[in-house]
1. If the cut-off is a Cα-Cα distance under 26 Å, which lysines reach Lys162, setting aside same-chain residues fewer than 8 apart in sequence?
2. Quick one: Karplus J couplings for the range 225-235, per residue in order, coefficients 6.51, -1.76, 1.60, θ = phi - 60°, nearest Hz, x for Gly and Pro?
3. Would you mind checking which residues have amide H under 5 Å from Leu406's amide H? H placed 1.01 Å from N; only 5 or more apart, or other chain.
4. For the range 526-613, count the residues as N, evaluate 2.2 N^0.38 Å, and divide the Cα radius of gyration by that value, please.
5. Would you work out the charge dipole size for the range 493-539 about its Cα centre, treating the Cβ of every Lys and Arg as +1 and the Cβ of every Asp and Glu as -1, and quote it to the nearest 20 debye?
6. Calculate one ³J(HN,Hα) per residue across the range 453-459 by plugging θ = phi - 60° into the Karplus curve 6.51 cos²θ - 1.76 cosθ + 1.60, and present them in order as whole Hz with x for glycine and proline.
7. Which order do peptides 361-370, 485-494 fall in by mean Cβ count within 10 Å, highest first?
8. HN-Hα J couplings of the range 530-540 from phi, Karplus 6.51/-1.76/1.60, θ = phi - 60°, integer Hz, Gly and Pro as x?
Amino acid sequence: MKTTRYLLLAGVALPLLAASAPSIAASGPALSDDRPIVLAQSDEDRGRGGDRPERAQRAEKPERAERPERAERPERAEKPERAERNDAADERRQQRAQEQQERREQRVQEKREAAPERREAAQEKRDDAREDRQKAIREQRQDAQQDDKRKDAQEKREQDRKDAVKDKSDTAQDKRDERLKELREKRQDDRKDAVEDRKDAAKDKKDTAEDRREDRLKELREKRQDDRKDAAEDRKDAAKDKKDTVEDRREDRLKELREKRQDDRKDAAEDRRDDRRDAAKDRRDDRREEGRTADQKQRIERLQDRIRDERRDASRDKDRMNDRIDRLRDQRKERRDGDRVVITEGDRTIIREGGRTIIRRDEGARFRIGARDWREERRGDERVRISVRPDGSEVYTYVDDDGRLLRRTRRYRGEEYVLIDNRPRGGGAIGAFIDLGLPPPRISIPREEYIVDADTASYDDIETAFAAPPVERVERRYTLDEIRTNPPLRDRVRSVDLDSVTFDTGSWDVRDDQITKLENVGLAMEDAVKKDPKTIFLIEGHTDAVGSDDDNLSLSDRRAEAVAEVLTKYFDVPAENLTTQGYGEQYLKVKTDGPEERNRRVTVRNITPLLQTSQAN
């Protein structure tokens, strides 16, 4: 390595000396032309100690730091083959250097002989040569550095490989040592555990026997204590029960006495109310007897005779009524006509449309009561039902194909007059619901005069209510359908509520004990018709909220018809002067969803001032 570096330095220095030789020769007269110029010395002339001082003074590269656990690595010996190659290279370099020196001397001689004008060109060439040499020197230095780096890297890899092998060997040995150590420790621990387990087993066995003995003794002591406590508690409970029994008996006795006293008070209060009610009833009956005429007394006697006669056939009528109740729902048939739902139920039709419901019926059966003759004829698009009354008068009822009433007239002794004209005004279409949009009337009279309670009112009060004009002025006359379907219009006339006439739940039969409650109402209606044969009464039927809407609607309509039949049968109120309509649970008198007798009622109105009439053709 050192020899190579010296040769490289000589190759760089010789051209510089050759280029500066002419100037040196010219400026140095002491030098002789015959004396040779020594440009460089070889290693043989200078010896091994002839190196440059700065090279000799440069310290050798320090060796790597030794690991404490590893042995010192010996220095590598230089291979013989590499030394031989270096010597041959040195000889070739020296030979080339000599040849270059000779050529340079020849060029120097030529330049010396050449003209001075070429000196500048030579100087330029020297500069170029100097730059080339400097570049070559830098490249050679770089190559030398790369060689050193490669050698150092190779040495490092080799050392790392050796270290890895040694570390691997050391690691394997360490693992074996650790494994052996663990096995020994485990064996010792297992032996210790076995000894401890045997000791614990013996101790547990001993402790178990002692624990069992102690537990048994403890249980016996606790059982004895519990038995003593239970005996004490039983004695206390027995004493307490005895005391409680005495107190309970005393409280029960006091409770019974209080309840008996309350019941006695209630009974006394009820007896007083009954006495007052009976006294009031007796006073009303006395007033009725005092206010009745001889004719009214005769009619009351005839009414009582009729009721006694009708009781003979009561069982047969009751069986017939029960049979109709059982078959009521089975008779219904439903069909749809657009938005309208039509339910037929024997002689009745329930119509639902636009959230409203109404019921229609065929009133032909009611006109046969007390009639000498009854027949039906066809006249064009209308059907005419003719009923001959006992006095010889004839009642003509005109209906369409659906059984809807069109008009009703009476003929007597050659005179005919219209009772009801239900044809739409101006020949308009006939509909089930006619909404007039009327507001509720303003009531300026006392309520007991506006809604008369038939149970407490006298005959004169009822007669006054039927004969009174509307509570509010009526703009025009209306059809029967308009009156039936518009509550504000009906409310413009006074009403008589038959709250005393009650019905059993699910029944429309008027019991015999209820007929006498119609006495004042029936007499007042009979007298009103005698005064004005064209008087028309609307009998409304109402139910409570128990049951379905269809059942209640049908039941209320049948109740209104049953009252109308009683009025015709027992009070001689002509059938043609009555019309009925059921409203179901739409107008409850007492707002409740449960059964209520006051909601199962009948209301009577004189609608003659509201009704449309015309002269018969």
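The values are calculated or read from the model by the stated rules, or taken from the named source; none is laboratory data. Keep in mind it's a predicted model, so treat the numbers as computed, not measured. Using ideal geometry, Cβ is built from the backbone for each residue, glycine included, and neighbour counts are taken over all protein chains shown. Surface accessibility is based on the protein's heavy atoms, side chains included, excluding ligands, DNA and RNA. Shrake-Rupley method; radii C 1.70, N 1.55, O 1.52, S 1.80 Å.
1. Cross-link targets: Lys61, Lys79, Lys149, Lys151, Lys175.
2. Running phi through 6.51 cos²θ - 1.76 cosθ + 1.60 with θ = phi - 60° gives 5, 4, 4, 5, 4, 4, 5, 5, 5, 4, 5 Hz.
3. Placed amide hydrogens put Tyr398, Val399, Asp400 under 5 Å from Leu406.
4. Taking the Cα Rg and dividing by 2.2 N^0.38 Å, one obtains 1.18.
5. 340
6. In residue order, the calculated couplings are 8, 5, 6, 10, 7, 8, 4 Hz.
7. The most tightly packed comes first, giving 485-494, 361-370.
8. 5, 6, 9, x, 8, 5, 10, 10, 9, 9, 9
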